[in-house]
Amino acid sequence: MALIVALLAAYGVFLVFTAVALQWRGIGLGPRLRSTVLPSRHRLEEWLAQAGLSEVRGAEFAGVMAVLFVAGSALAFAIFGGVLAPVIAGAFAASFPVASYRGRRERRFAQAREAWPRMIEEMRLLTGSLGRAVPQALFEVGRRAPEEMHPAFAAAHREWLISTDFGRTIGVLKHGLADPTADATCETLLVANEVGGSDLDRRLAALGEDRVQDLQGRKDARSRQAGVRFARRFVLLVPLGMALAGLSIGNGRQAYQTATGQLGVSFGLLMIAVCWVWAGRLLRLPQEQRVFGE
């Protein structure tokens, strides 16, 4: 008991001292650290920006999912009847916008990966041999960037013309591109513009070499997955064709409305969705994290 009282007294002294000297609050051993996890709304906005759809709002995205849920449920009800099977089919159909946006995001990242090595090399030449200032070189290269990247460079150029603050300009560009390679390149250019130095050429050369190696490795991996990606589509086509063919055999739709038929159809639809998602996760290549994100 004496030991417990001594420990409580010592902890009380610790709390009083940290409250007075360090302005800590609460009864914990230290102040609560602020979470670095972005709110769900900000994560959704960043995800849409990475797909090139920064103008799409979350409510519009949810509305499209709701419409597809209703359409998928209606189609499944017309074929199978019942309640459980249409709900499962509707939920699966509602996931199509997520898959579509993820595909747009992957294609946009792939185009950016192919463009950045060339753009980095052009910036090396402009800032080195031709003596361009870093902001001027960045905007010149941006005018020759892929079409999907033009809005971000145009917004950054407007910010530069208004404020001439290169830090804010880089922030606008990173927000519009939402790309790990763009983040690393922009931070390299920002440090070079603010600090100066003669090692910008070396840093850009190392960054360009790293991007080329990453691009080649991803191309090799996707080429090996081409046959598997083609076969994955049959997960949807073959069961759908069999379900439609079943309407012309025996009692057709009435056979699906029995208790056994409903359980079988629901289990089949659920397994189709699980296999589709599982195969997609297995085929997904690792994505780089935004180390210098917003």
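Annotation for the range 190-207: at least one member residue is under 23 Å from the mean Cα position of the chain (by Cα) and either small (Gly, Ala, Ser) or surrounded by 14 or more Cβ atoms within 10 Å (Cβ to Cβ) (or both). Counting residues in the range 99-122 that are more than 30 Å from ARG144 (Cβ to Cβ) and of a type outside the set (Asp, Glu) gives one or more. Selection over the range 101-145 of residues that are closer than 25 Å to GLU60 by Cβ and loosely packed, with under 14 Cβ neighbours inside 10 Å gives a count of 2. Evaluated against (1) crowded, with 20+ Cβ neighbours inside 10 Å; (2) within 17 Å of PRO135 (Cα to Cα); (3) of a type in the set (Lys, Arg), ARG211 falls short on exactly one condition, (2). For the range 216-232, the condition of being closer than 14 Å to VAL134 by Cα, touching a residue at least 12 places away in the same chain (Cβ under 8 Å) and assigned by TED's automatic domain parsing to the domain that holds SER129 holds for none of the residues.
Being surrounded by 19 or more Cβ atoms within 10 Å (Cβ to Cβ) and under 28 Å from MET242 (Cβ atoms): is that true of PHE80 here? Answer is yes for this residue.
Check the range 162-180 and report whether any residue there is within 30 Å of LEU283 (Cβ to Cβ), at pLDDT 85 or above and surrounded by 15 or more Cβ atoms within 10 Å (Cβ to Cβ). Within the range 162-180 (the criterion being within 30 Å of LEU283 (Cβ to Cβ), at pLDDT 85 or above and surrounded by 15 or more Cβ atoms within 10 Å (Cβ to Cβ)), the answer is yes, since at least one residue qualifies. Residue pairs whose Cβ atoms lie under 6 Å apart, sitting 6 or more positions apart in sequence or on different chains, and linking a residue in the range 49-70 that is closer than 27 Å to VAL83 by Cα and surrounded by 13 or more Cβ atoms within 10 Å (Cβ to Cβ) to a partner that is modelled with pLDDT of 80 or more and not hydrophobic (A, V, I, L, M, F, W, C), are PHE69/GLY90.
The values are calculated or read from the model by the stated rules, or taken from the named source; none is laboratory data. Source: prediction; values computed, not measured. Neighbour counts run over all protein chains shown; Cβ positions are idealised from the backbone, glycine included.
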